[in-house]
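Beneath this line is the structure, given in structure tokens, with notes to follow.
FYI, it's all coordinate maths here, none of it is from the lab. Predicted model, so just to flag it, every value in this text is computed and none were measured. When we count neighbours, we look across all protein chains shown, and the Cβ atoms used for this are built from the backbone with ideal geometry, even at glycine.
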Amino acid sequence: MKKLYLFCFFVLLFCTKNDSSKISNESKGAVFIEDQNFRSILLVEDHVFESTEDIFISRMGDYSVDDSNRIFITDKAWGNRALHMFGWEGKYLGKIFGEGKGPGEFLDVSNLQIHKDLIIFYDAELFRLSEFSISNMKLEKTFRFDPSIWSNIPEIRGYMPVQFHTYSDGTYLVGFEITPNPSTSGKRVTKFYHLDKSLKLNPTKILEFDSKKHIWATNEIILGETKILPMKTFSFFKKTIIDILSNNNIVVVETDRLTIKYYSRDGDSLSQVFYNFNTPSVTRQDALDEATNLTKTIAEGTDLPTNWPVINQLIVDDKDNMWVSTFSNSKDSLKWIVFDQNGEIIGDFMWPGKMTSYPFEPESKKVIKNGYFYELKEDTVNFDKKIVRYKILFK
């Protein structure tokens, strides 16, 4: 039986509209949107993709959806790693199976995405970007990210790739970061470069933003016979989220404010859209609630931002609408606001979720495509995972 979810929620935003000639140089290209009436959004549960007696997925991980509504789901369990393909109504269509280190094999699947007839993912264990054909489920090409390839680029010497975004022509925007360590605590940046169709790295930097902040303990802890130096990041630290529109412009949000920034493919700043949005203050107890016994001293001593981030997640759908999850008054729900490609609000709704969730983990991933909303859910009793598809209706 289909279930109907109706969410009518009025978002109160305090905005002003200014003539562009009155905007300061620091805000050049900014647009301030007036308050407007938003459409409510209905999500109708349409189908559930999960393990069956015939097809068992041990540890459901990353997933993606193609233009024909076929869904690709990873099994990330050691000894059983595979990428499974299901049809529109859940019919099993096959899998790419090849756990290993040889050609066409993999040990990890992350950054999973679909581009035309290609399944694309990054293997963080083998440092390889692979492209598989959806038509025949065969490996088309692969690229190993050997650090010697960019050793002639001083700005990313010692860095490793962590993000991959695909342009309409099949080329990539790749984000590089240095591995967190005590000397880089709170100082890391993510630097973006282009990878062409032949998978050759262009040495010209496109964009640069602050990386996710990590804090290290001041003293080592002894566990058994091992000394460790605990490290911790907190959900209230600012993050930068990037995606690419169909016109190949780059959209960026920094989660401490509801500002949508647009850049050209070459990294030139094009415009910005601002919204005023208030969030609660961050307290010491918030930090302690996220800590374990190992990281409690970090939570007790870390500098706190004044307020919680405005944004938890940004998703660009196949129509270039931007779905942004934001803070709400409920501890168990997030407020989702939907913007068109120009940054104007076209709808909003409430949906289960927490601001403490990390948006780049498969458990938090949402896919919005072909008029459907997909999310990974976990059974609170037996902890089995499933992917639920909802039909999106605007009222």
### Query
Of the residues K239, K319, K212, which exhibits the maximal mean-square fluctuation in a Gaussian network model of the chain defined by a 10 Å Cα contact cut-off?
K319
### Summary
Amide H contacts under 5 Å for S271, restricted to residues at least 5 apart in sequence or on another chain and with H modeled in the peptide plane, are Y262
### Task
Only Cα pairs under 8 Å and at least 6 apart count here; give the relative contact order of the chain as a rounded whole percent.
15 percent
## Note on the structure
Taking N as the residue count of region 247-395, its alpha carbon Rg divided by 2.2 N^0.38 Å gives 1.16
### Query
Between [x] 30, 28, 25; [y] 86, 29, 18; [z] 41, 26, 20, which matches semi-axes √(5λ) of the Cα gyration tensor in Å calculated for the structure shown?
[x]
## Note on the structure
Output ordering of 171-179, 52-60, 126-134, 382-390 (per-residue mean of other Cβ within 10 Å, highest first) is 171-179, 126-134, 382-390, 52-60
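What ratio of Cα Rg to 2.2 N^0.38 Å holds for region 288-338? Mind showing how you got there, number by number?
Values: Rg = 15.5 Å, N = 51, 2.2 N^0.38 = 9.8 Å.
So the Cα radius of gyration is 1.58 times the expected 2.2 N^0.38 Å.
Using helices alone, what [θ] at 222 nm do you get for the chain, with -39,500 (n - 2.57) per DSSP H run of 4 or more residues, divided over all residues and rounded to the nearest 500?
Working: 2 runs with 13 residues, N = 395.
Here the helix-only value at 222 nm equals -1000 deg cm²/dmol.
Based on alpha-carbon atoms only, what is the radius of gyration of region 166-232 relative to the globular estimate 2.2 N^0.38 Å? Let's see the in-between values first.
Values: Rg = 17.3 Å, N = 67, 2.2 N^0.38 = 10.9 Å.
Dividing the Cα radius of gyration by 2.2 N^0.38 Å gives 1.59.
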## Note on the structure
The set of residues whose placed amide H lies less than 5 Å from the amide H of D62, leaving out same-chain residues fewer than 5 positions away, is T74
#### Entry: Highest to lowest packing among 326-338, 146-158, 283-295, scored as the average C-beta count within 10 Å
326-338, 283-295, 146-158
### Task
Using the structure shown, list the pairs from K331/K369; K239/K377; K138/K261 with a Cα-Cα distance above 30 Å, or answer none.
K138/K261
### Task
Please work out the FRET efficiency for the pair S269 and K391, using the Cβ-Cβ distance as r and a Förster radius of 41 Å; give the result to the nearest 0.05.
0.65
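Work out, in µm²/s and without decimals, the Stokes-Einstein translational diffusion coefficient of region 48-184 at 37 °C, 0.692 mPa s, Rh from Kirkwood over C-alpha pairs. Numbers along the way, then the final one.
Details: Rh = 16.1 Å.
It comes out at roughly 204 µm²/s.
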### Task
Rounded to the nearest 0.05, what FRET efficiency do S198 and L245 give with R0 = 25 Å and r taken as the Cβ-Cβ distance? Could you check?
0.55
### Query
What per residue convex hull volume, in Å³, do the alpha-carbon atoms of region 209-306 yield?
138 Å³
